[in-house]
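Accompanying notes for the structure given below.
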Amino acid sequence: MKLYNANFSPNALRVRAVAHELGVDLEIVQVDIRAGDNRAAEFLARNPNAKVPVLEDGNFV
């Protein structure tokens with residue numbers, strides 16, 4: 001499972017905490033919002049709202 005994460009995002013922190021408690025292994029993909037990574041076409045394909053966190057499990061987003 002992949003988590004598209006921004007370190008200062010409280011919602012991403014919640015996802016990481018719950019995954020940790022459940023023992024779910026996450027591949028963390030850092031999204032630099034200040035650099036505009038969330039506005040890149042690759043990220044917008046996952047979340048057109050350009051917000052983090054985004055959790056991706058195979059083909060399910």
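The values are calculated or read from the model by the stated rules, or taken from the named source; none is laboratory data. All of these numbers come straight from a predicted model, not from anything done at the bench. Every residue, glycine among them, receives a Cβ derived from its backbone with ideal geometry; neighbour counts consider all protein chains shown.
Of all residues in segment 18-39, those satisfying the criterion of being in a loop (DSSP other than H, G, I, E, B), under 17 Å from F60 (Cα atoms) and touching a residue at least 24 places away in the same chain (Cβ under 8 Å) are D25, L26. Does D57 qualify as being modelled with pLDDT under 95 and acidic (D, E)? In short, yes. The numbered conditions (1) out of contact with any helix residue (DSSP H, G or I) (no Cβ under 9 Å at 6 or more places or on another chain); (2) at pLDDT below 95 are all true for P48 except (2).
So which of V52, V15 is in contact (Cβ under 8 Å) with a residue 24 or more places away in the chain and in a loop (DSSP other than H, G, I, E, B)? Give the derivation first.
Details: V15 fails: in a loop (DSSP other than H, G, I, E, B).
Sole residue among the options that is in contact (Cβ under 8 Å) with a residue 24 or more places away in the chain and in a loop (DSSP other than H, G, I, E, B): V52.
For segment 40-49, the set of residues classified as touching a residue at least 24 places away in the same chain (Cβ under 8 Å) and outside any loop (DSSP other than H, G, I, E, B) consists of F43, R46, listed by residue number. Residue by residue through segment 4-52, note down the ones that are surrounded by 14 or more Cβ atoms within 10 Å (Cβ to Cβ) and aromatic (F, W, Y). The answer is Y4, F43.
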